[in-house]
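Structure first, commentary second.
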């Protein structure tokens, strides 16, 4: 019996030796952060679609150079996009009289495209860069700007490290849900989302305790 190959976790590192992987972590962090911010560049519908299309093309090109399927960058984004779309759809419906505001619907589609583009940019960053590389890159700026006492590299790397961890925890509890015969419906979100929040709070508490013990031992 063949063993089913597990899918890669969202926002997880994909070990390669591509030119994108070899780029400095700081350069990748700044560039992809700028792309994410550019996705929310204000403008009319035509300008917004043009900017989003351009950013999506750049992300897809970098993804292909890195040897990663661009579609994998959106893995894990469906709950977020569906939630955003549902909120905007509710706003687009007018009940007196009952009509659908297509202008509001177009705005919701564009906003979802912005969210999806920013999500893909973040996923690409973590696919080609480890948290250790990001921390090392930011620590170099600490030396340049004499900010070592504030330890921004540690804070930022811990914050960024929690994003892939969130998807890992979600994957684990989702697999447990499926293993007990659970289905993909609204009930799944109602039960699993509070559990996800609880698990992440415990992870944060464990990390804080470990960091306090580490620094206490260095005093």
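With no solvent and one equal point scatterer per Cα, compute the Debye intensity ratio I(q)/I(0) for the range 10-129 at 0.14, 0.18, 0.20 Å⁻¹ and report its log10, rounded to two decimals. Log10 I(q)/I(0), no solvent term: -0.62, -0.91, -1.05.
Residue order for 135, 180, 16, fewest other beta carbons within 10 angstrom first, comes to 180, 16, 135.
Please arrange 59, 109 by counting, for each residue, the other beta carbons lying within 10 Å of its beta carbon, fewest first. Please list the in-between numbers first.
On the way: 59 22, 109 14.
Fewest to most other Cβ atoms nearby, the residues stand as 109, 59.
Only the coordinates and a few stated rules stand behind these numbers; no lab work does. Everything numeric in this text was worked out from a predicted model, so none of it was measured. Methodologically, a virtual Cβ is constructed for each residue, glycine included, from the backbone with ideal geometry; neighbour enumeration extends over all protein chains shown.
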